[in-house]
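Notes to accompany the following structure.
The values are calculated or read from the model by the stated rules, or taken from the named source; none is laboratory data. Owing to the predicted nature of the structure, the values given are computational and were not obtained by experimental measurement. A quick note on method: Cβ atoms are made from the backbone with ideal geometry, for glycine too, and the neighbour counts reach across all protein chains shown.
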Amino acid sequence: MRTSVLLLLVLTSCDYAARVPPHGARDTTNELAETSAPDVDLDAPVPDCAAIEPADFRDTVLVPILQGGGCIVCHRSGGRAGGSDLVLVGGEDDAAVATDLASAEVVANKTVGGESVLLLRPTGRYPDGHPGGEPITLDSPTYEALARFVSAARSCATSPDGHAPVGGVH
């Protein structure tokens, strides 16, 4: 039974042949999809860099979204998205959470048109789409949780003087 459920999850999450448009159809490198993100005013201040604690990341993003939402099926070493910038090791031990947090922070800080790739890809608004479909909708609590994480990660990437801190992402 468990194997059947896992196989079904793999097949539905990573059905590339049916979801990926042919390469070279048109150059969309600098275009964003027409749908724009809602203004995410979450009535909470953007946490500073020190506020991204591994335990918070595990409880609000890693376990419910990246693992529980099925992202890890493809975004893992050996998975269909194993060569992407978001590669997860899985698990809830300290080392795995720290590794997955670092990977998610890198993608949170990559932008197209000023918006984080971590928000663009899973909502289908990235210029080249998302081979795994659009698992996250703009008006969902999942999107809001990712947007909070992205805000925190981006505040950590650049210091007030505009330079990346030691260990930060440029």
Does Ala102 satisfy being touching a helix residue (DSSP H, G or I) at 6+ places or on another chain (Cβ under 6 Å), surrounded by fewer than 17 Cβ atoms within 10 Å (Cβ to Cβ) and assigned to a helix (DSSP H, G or I)? no
In the range 110-118, is there at least one residue being polar (S, T, N, Q), modelled with pLDDT of 95 or more and assigned to a helix (DSSP H, G or I)? no
